[in-house]
1. Of (1) part of a helix (DSSP H, G or I); (2) on the phi > 0 side of the Ramachandran plot, GLY199 satisfies all except one. Which?
2. Just to check your reading of the model, which residue among VAL142, VAL146, VAL65, VAL151 is touching a helix residue (DSSP H, G or I) at 6+ places or on another chain (Cβ under 8 Å), at pLDDT 95 or above and under 21 Å from GLU23 (Cα atoms)?
3. Please work out which residue is most open to solvent (accessible area, probe 1.4 Å), limiting yourself to the stretch 282-332 and to residues that are basic (Lys, Arg) and touching a helix residue (DSSP H, G or I) at 6+ places or on another chain (Cβ under 8 Å).
4. What are the residues in the stretch 9-19 that are surrounded by 23 or more Cβ atoms within 10 Å (Cβ to Cβ) and either in a strand (DSSP E or B) or in contact with a Phe, Trp or Tyr (Cβ under 7 Å, 6 or more places away or on another chain) (or both), if any?
5. Output the residues belonging to the stretch 218-246 that are open to solvent by 10 Å² or more (accessible area, probe 1.4 Å), of a type in the set (A, V, I, L, M) and out of contact with any Lys or Arg (no Cβ under 8 Å at 6 or more places or on another chain).
6. Of the residues that make up the stretch 184-203, is at least one closer than 17 Å to HIS366 by Cβ, within 15 Å of ligand 1 (Cβ to nearest atom) and small (Gly, Ala, Ser)?
7. State whether one or more residues within the stretch 69-79 are away from ligand 1 (no atom under 16 Å from the Cβ), part of a loop (DSSP other than H, G, I, E, B) and farther than 16 Å from ASN340 by Cα.
8. Taking the condition within 16 Å of ligand 2 (Cβ to nearest atom), open to solvent by less than 10 Å² (accessible area, probe 1.4 Å), touching a residue at least 60 places away in the same chain (Cβ under 8 Å) and within 17 Å of ALA136 (Cβ to Cβ), does ILE337 pass?
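The values are calculated or read from the model by the stated rules, or taken from the named source; none is laboratory data. Not measured: the values here are computed from a predicted model. Using ideal geometry, Cβ is built from the backbone for each residue, glycine included, and neighbour counts are taken over all protein chains shown. Areas reflect the complete protein model, heavy atoms only, side chains present, ligands, DNA and RNA absent. Shrake-Rupley method; radii C 1.70, N 1.55, O 1.52, S 1.80 Å.
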Amino acid sequence: MSIHVTDVHAREILDSRGNPTLEVIVHTETGAVGRASVPSGASTGSGEALELRDVHAERFGGRGVLGAVGHVRGDIREALTRRAFRNLAELDEALIALDGTPDKSRLGANAIVGVSMAAARAIATQNGEPLWHSLAPRNDDVQLPVPHFNVVNGGAHAANALEFQEFMIAPLGARTEREAVRTGAEVYRALRDRLRSAGYATGLGDEGGFAPAVDRVEQVLDLLVAAIEDAGYTPGPGGVALALDPAANGFHRDGLYHVGGSALTSGEMVDWYEELTTRYPIWSIEDGLAEDDRAGWVELTARIGSRVELVGDDIFVTNPVTIEKAIAEGIGNAALIKLNQIGTVTETLRAIEVCRRHGYAQMVSHRSGETTDDFIADLAVGCGCGQIKSGAPARGERVAKYNRLTEIEDCTLMKFGLRAL
Ligand code: PGA
Ligand code: ZN
């Protein structure tokens with residue numbers, strides 16, 4: 001069935017950090033309505049599509065999105081209501097052409113991705129299918145993903161001294177989504193108890209993880225292993241494993257990594273990761289090195305890539321062309337997938353496809369600035385990548401995604417788990 005858009009609305013709403021973002025609503029001729037709201041990152045890669053913000057300092061300290069809202073209500077509405085589209089890919093191509101820039105800076109990637117997501121929802125509704133089904137390139141691939149819960153926050157997401165941004169727990173041993181979510185919540189609770197009894201504050205960072213005044217990575221890893229055991233689980237791949245997102249761009253300056261009071265070379269970082277992944281049950285590391293340290297990435301991949309998942313986020317920016325180039329260089333073995341880094345659903349699916357073709361894993365991801373929109377839960381299921389990260393098992397904007405995953409599980413007999421490469 002072709003898609004005939006009859007109206008497109010947008011408005012400025014607030015995200016989980018109290019910053020403005022867009023909500024977009026797309027109507028089609030059949031009466032279908034699709035709604036989406038747009039996430040926003042704090043530690044962004046330099047190659048990300050451009051998030052358009054207003055320049056008026058008197059509104060939201062210059063972070064307003066009325067310009068982007070205006071583009072949706074104006075140029076985009078005009079272009080989409082003028083003709084029918086055969087599918088989402090064709091509609092997304094029209095958005096890309098209308099913008100006309102390589103980084104979506106004219107209309108704003110935040111405007112474009114909101115429209116693309118809302119259109120994807122309207123199309124699913126129009127076709128009478130769940131969003132995950134409508135996003136699935138191949139029905140055989142659909143699968144419920146293992147959630148990666150970010151339970152300790154540092155870096156750009158917290159005011160503590162931790163340079164590493166995210167410390168995640170991944171219930172790889174769970175047999176169902178529901179069991180994985182329960183495991184995450186139980187370990188999170190056990191961690192809160194541990195932190196309290198050790199005298200740490202249990203305030204939260206931007207992604208709902210605790211932000212204790214700990215400054216050494218190993219201290220956090222020890223706390224996590226203890227909390228997993230306190231909750232009655234086994235640390236490791238058969239139970240609950242650990243995953244890190246150091247987001248190393250954030251502490252890479254003048255060619256050195258400034259972490260834990262030392263300034264480490266790229267080679268010293270690789271040695272450290274090798275040691276950490278031997279001492280602790282860490283199964284995945286994202287952005288262990290900075291986006292411009294390509295030689296370091298190649299070295300890290302050669303050294304531990306056969307036993308540890310190495311995820312590119314800031315270095316890949318969900319860009320199919322960038323990912324393909326990095327794959328040819330031997331960088332990493334997995335990609336983080338964020339819709340707003342590239343700016344349309346179709347290009348996001350293309351990035352996933354590139355990874356698939358080359359045997360790279362994919363982890364679908366939220367942003368640190370979020371809303372209760374649960375689109376990424378359906379995306380992860382539809383592409384069947386087997387992994388998702390959406391922050392802590394706490395706070396409305398984070399649990400919206402995990403709750404949607406258990407809803408999908410309740411409604412289907414879908415398989416759950418990591419997708420083996
Ligand atoms: P961001 O962080 O959403 O602030 O960019 C998430 C990440 O680095 O994975
Ligand atoms: Zn990251």
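1. For GLY199, the failing item is (1).
2. Details: VAL142 fails: under 21 Å from GLU23 (Cα atoms); VAL146 fails: under 21 Å from GLU23 (Cα atoms); VAL151 fails: under 21 Å from GLU23 (Cα atoms).
On inspection, the qualifying residue turns out to be VAL65.
3. Let us first name the residues in the stretch 282-332 that are basic (Lys, Arg), namely 294, 303, 307, 325.
When the remaining residues are screened for being touching a helix residue (DSSP H, G or I) at 6+ places or on another chain (Cβ under 8 Å), the result is 294, 303, 307.
Working: ARG294: 67, ARG303: 80, ARG307: 120 Å².
Per the stated criteria, the residue is ARG307.
4. Once the filter is applied, which keeps residues that are surrounded by 23 or more Cβ atoms within 10 Å (Cβ to Cβ) and either in a strand (DSSP E or B) or in contact with a Phe, Trp or Tyr (Cβ under 7 Å, 6 or more places away or on another chain) (or both), the stretch 9-19 yields only ALA10.
5. Answer for the stretch 218-246, where residues must be open to solvent by 10 Å² or more (accessible area, probe 1.4 Å), of a type in the set (A, V, I, L, M) and out of contact with any Lys or Arg (no Cβ under 8 Å at 6 or more places or on another chain): just VAL225.
6. Checked against the condition, which is being closer than 17 Å to HIS366 by Cβ, within 15 Å of ligand 1 (Cβ to nearest atom) and small (Gly, Ala, Ser), the stretch 184-203 yields no hits at all.
7. no
8. On the way: within 16 Å of ligand 2 (Cβ to nearest atom): yes; open to solvent by less than 10 Å² (accessible area, probe 1.4 Å): yes; touching a residue at least 60 places away in the same chain (Cβ under 8 Å): no; within 17 Å of ALA136 (Cβ to Cβ): yes.
Taking the combined requirement at face value, the residue does not satisfy it.
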